[in-house]
1. Taking every pair of alpha-carbon atoms in region 221-282, give the share separated by more than 18 Å as a whole percent.
2. Show me 42-48, 149-155, 136-142, 199-205 ranked by packing, highest mean number of other Cβ atoms within 10 Å first.
3. Could you tell me how far the Cα centroid of region 27-74 sits from the Cα centroid of region 236-271, in Å?
4. Could you compute the net charge surrounding Ser141? Neighbours are other residues with a C-beta less than 14 Å from the C-beta of Ser141; K and R count +1, D and E count -1.
5. Lys/Arg Cβ at +1, Asp/Glu Cβ at -1, dipole of region 4-282 taken about the Cα centre: which of Pro112, Ser28, Ile211 is farthest positive-ward?
6. Can you give the charge dipole size of region 222-266 about its Cα centre, rounded to the nearest 20 debye, using +1 on the beta carbon of Lys and Arg and -1 on the beta carbon of Asp and Glu?
7. Could you give the angle, 0 to 90 degrees to the nearest 10, between helix 124-138's Cα long axis and the longest principal axis of the Cα atoms of the chain?
8. If you count the DSSP beta bridges with both ends in region 4-282, what percent of them are antiparallel, to the nearest 5?
Amino acid sequence: MITEAELARLRHLAATMRWRIVTMMGASKVHHFGGSLSSVDIITALYFRKMRYDPNNPRWLERDRFVMSKGHSVPAQYTALAMLGVFPVEELSTLKRLGSRLQGHPAMHTIPGLEACTGALGEGLSYANGIALAGRILGLSYRVYCLIGDGELQEGQVWEAAMTAAKHCLANVTAIIDRNRLKAMDEAACSKQMDPLPERWASFGWAVAEIDGHDMAAICNTLDWSDGQSQPSLIIANTVKGKGVSFLEGQAGFHNAAIDETQYQKAVRELESALAAQGENVR
């Protein structure tokens, strides 16, 4: 079981990540605020507790792999990698600049720590399956974690990949759905109905758990649960788009948009207040 001290550390790291994400994006430039912020607690638990990962050797063969299928949320992954020391934190400010290594979607050939080029939604789980099968062939014991947006569940390739993982008994694959229920312009359910989601995935041969995607204890304990499954595992993480910034929360309009200077300053104040509160908890 995870200790209260460890939970306090992880919550502080998550608060730091949210502050860094918003400050790296800044004002008056279009960015994916909503999905980046909703995924922070999941990514924090993976990189700072769960995954077997050496930031000094991001190509270590035995490392656990993380595939950001919802590629537009890669700023959250960049932030985690920078905080781990894979590349300088100062480089975060170059996000989406011409010539920057930090592109708006994962480009694995430009920067260490990325396992797949994603962003054409629906492809990430297929990548994860391939990486898992390669590990089996090579006799390596790593795990593969794949973060999927609930909007991209409308892509048929996701369900083809779900069948493939079950057919090959890829117990080293854990998929996590960042279920913030919003996509680019409206609710994820507006186009195609995905419910009942747990039963649907279970019918494809997956072990399924559903949690609050901002409850750090639940995230960590459920990731541990996934280790003991004899089949691929799915974690449905119910989240809030734009989590941590009041005027961004639950707003589809900030999926990919700019905030003005006044909004930016408000966001920074809120995040700094949350960070200070978490700092007290750590002490």
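Every read-out reported here was derived from the displayed coordinates using simple, explicitly stated rules and does not represent laboratory data. The model shown is predicted, which means the values in this text are computed figures rather than measured ones. Ideal geometry is used to build each Cβ from the backbone, glycine not excepted, and the neighbour counts take in all protein chains shown.
1. 57 percent
2. Averaged packing, sorted descending, gives the order 42-48, 149-155, 199-205, 136-142.
3. 19 Å
4. With Lys, Arg at +1 and Asp, Glu at -1, the neighbours total +2.
5. The residue sitting farthest along the positive end of the dipole is Pro112.
6. Dipole about the Cα centre, nearest 20: 120 debye.
7. Its long axis makes an angle of about 50 degrees.
8. If we restrict to bridges inside region 4-282, about 10 percent are antiparallel.
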